[in-house]
Amino acid sequence: MKSPLLSLPGAVPAEGVDEGVAAHYGDLFREQRALADGAGFVDLSHRGVVAVTGEDRLSWLHLLLTQHVSELPTGEATEALILSAHGHIEHALYLVDDGTTVWAHVEPGTQEALIAYLESMKFFYRVEVADRTADFAVVHLPAGSIAEVPDGVVVRETAYGRDLFLPRAELESFAAKAGPAAGLLAYEALRVEHHRPRLGFETDHRTIPHELGWIGTAVHLQKGCYRGQETVARVQNLGKPPRRLVFLHLDGSEVHLPPPGTEIRVADEGEDGRKIGFVTTSVRHFELGPVALALVKRNVPADARLVAGQTAAAQEVIVEP
């Protein structure tokens with residue numbers, strides 16, 4: 001779904017899964033600084049929007065999600081995962097309940113598969129699931145923003161800012177008042193800075209929550225009765241995940257960033273050293289320079305010097321070895 005904000009001056013379209021919104025509006029670092037200072041907004045209108053209504057919505061979702069939501073207070077934001085039977089991550093949901101409806105935004109293009117799964121699990125519960133992507137656009141206001149939110153708009157407030165479920169018809173008028181606009185690359189740079197994983201970027205077909213530090217933020221360890229819970233409990237109580245998320249400081253003298261999927265080796269093992277991981281997201285940060293998130297084998301020493309492709313990298317621990 002192509003955003004009307006792509007008509008704003010300087011807008012350069014994003015590519016790949018983020019197609020449909022602006023990657024930037026002409027000045028990546030200025031846009032990052034604005035967001036870091038609590039100014040402007042980010043157009044996330046390409047993300048899927050799913051709504052769950054009905055008397056049983058919270059108790060029903062509680063049975064399906066990794067998060068404890070049966071008594072989720074009205075207006076309180078949370079995030080949750082849906083796992084496979086083997087504990088691998090299939091969906092990530094960013095939730096808020098407004099008193100009558102649970103609103104969730106999800107990765108672009110994933111809402112249809114998510115809704116199909118939810119519909120298959122309704123049974124006799126009094127719930128209705130709807131795809132509201134065509135009607136509502138997600139807009140992000142950074143932490144510290146004083147932008148006025150229109151009356152009646154559902155807000156999901158977190159430490160990183162506010163996510164608005166804005167009626168899509170109001171997107172252009174809201175943008176005219178809430179500027180300056182910041183592109184998705186600026187949003188992603190701050191996401192990487194804060195070590196926040198993203199489905200489809202930091203995950204593959206075998207990722208489990210422990211590898212990404214999603215235990216606690218998206219997975220509640222004091223609840224059971226959801227698909228994949230056995231794997232979560234077993235790894236938490238008896239072992240360690242096979243991989244761990246790390247933050248990489250990349251050699252700033254390199255012209256090009258190592259793209260996602262770039263193999264990572266231990267520098268001291270030379271060019272023929274074994275592959276110990278791969279880059280998941282790489283960005284240029286306005287203060288930190290070139291940085292990245294990556295998945296590496298758990299037993300890689302935390303002080304090991306790494307190489308991402310041909311780029312030297314120093315790791316910062318996110319998930320403990």
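The values are calculated or read from the model by the stated rules, or taken from the named source; none is laboratory data. Everything numeric here is computed off the predicted structure, so don't read it as measured data. Cβ: placed from backbone, ideal geometry, glycine included. Neighbour counts: every protein chain shown. Just the protein is used for accessible areas: all its heavy atoms, side chains included, with ligands, DNA and RNA removed. Shrake-Rupley method; radii C 1.70, N 1.55, O 1.52, S 1.80 Å.
Summary table
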quantity	calculated
Contour minus Cα-Cα distance for Asp56 and Glu254 (0.36 nm per residue)	65.9 nm
Where labels lie 7 Å past Cα in the beta-carbon direction, separation of Asp135 and Cys225 in nm	3.0 nm
Positive-end extreme of charge dipole, region 164-290 - chosen from Phe278, Thr207, Pro259 (charges on Cβ)	Thr207
Within the chain, longest stretch clear of exposed chymotrypsin sites (Phe, Trp or Tyr not before Pro) (DSSP loop, no more than 12 other Cβ within 10 Å)	125-321
Most positive-pole-ward Cα, Ala22, Tyr94, Ala77, against dipole of region 1-154 from beta carbon charges	Ala22
For the chain, calculated [θ]222 nm from helices alone, where every DSSP H run of n ≥ 4 adds -39500 (n - 2.57)	-5000 deg cm²/dmol
Added length on full extension, which subtracts the Cα-Cα distance from 0.36 nm per residue, Met121 to Lys297	59.8 nm
Fluctuation leader among Asp163, Asp303, Asp27 - the chain, Gaussian network, Cα springs under 10 angstrom	Asp303
Rg/Rg_ref, region 100-183, where Rg_ref = 2.2 N^0.38 Å and atoms are Cα	1.26
GNM top mover of Val300, Val69, Val232 - the chain, alpha-carbon springs below 10 Å	Val300
Gaussian network model of the chain, Cα within-10 Å springs - most flexible of Ala302, Ala51, Ala181	Ala302
Aspartates and glutamates with Cα under 18 Å of Lys177, excluding same-chain neighbours fewer than 8 positions away	Glu31, Asp37, Asp43, Glu148, Asp151, Asp163
Total formal charge among the other residues, if their Cβ is under 13 angstrom from that of Ser45, Lys/Arg +1 and Asp/Glu -1	-3
Whole-number accessible area per residue in Å² for the chain, which is evaluated in the context of all protein chains at 1.4 Å	45 Å²
Kirkwood hydrodynamic radius (C-alpha pairs) into Stokes-Einstein, the chain, 20 °C and 1.002 mPa s, D in µm²/s	104 µm²/s
Contour minus Cα-Cα distance for Glu263 and Ala143 (0.36 nm per residue)	39.8 nm
Area of Met121 that stays accessible when all protein chains are in place (1.4 Å probe, Å², to 10)	50 Å²
Unit charges at the beta carbon, dipole of the chain: most positive-side option, Pro13, Thr133, Ile115	Ile115
Electrostatic dipole magnitude of region 234-279 [Cβ: Lys, Arg +1; Asp, Glu -1; Cα centre; debye, to 20]	560 debye
Diffusion coefficient, µm² s⁻¹, Stokes-Einstein with Kirkwood Rh over alpha-carbon pairs of region 181-280 at 4 °C and 1.567 mPa s	81 µm²/s
Total charge dipole magnitude, the chain, about the Cα centre, Cβ charges on Lys, Arg, Asp, Glu only, Debye to nearest 20	700 debye
Fraction in percent of alpha-carbon pairs per bin - 10 Å, region 41-125	17, 53, 27, 3, 0
Cβ charges +1 (Lys, Arg) and -1 (Asp, Glu), total dipole of region 187-321, debye	720 debye
Beta bridge orientation in region 45-106: antiparallel %, DSSP, nearest 5	100 percent
Within the accessible area of the chain (1.4 Å probe), percent carbon and sulfur	51 percent
Kirkwood-based shape ratio for region 276-321, expressed as Rg/Rh from alpha carbons	0.94
Over region 222-262: Rg over Rh, Cα atoms, Kirkwood Rh	1.26
Heavy-atom accessible area ranking, 1.4 Å probe, most first, across Ile276, Ile146, Ile115	Ile146, Ile115, Ile276
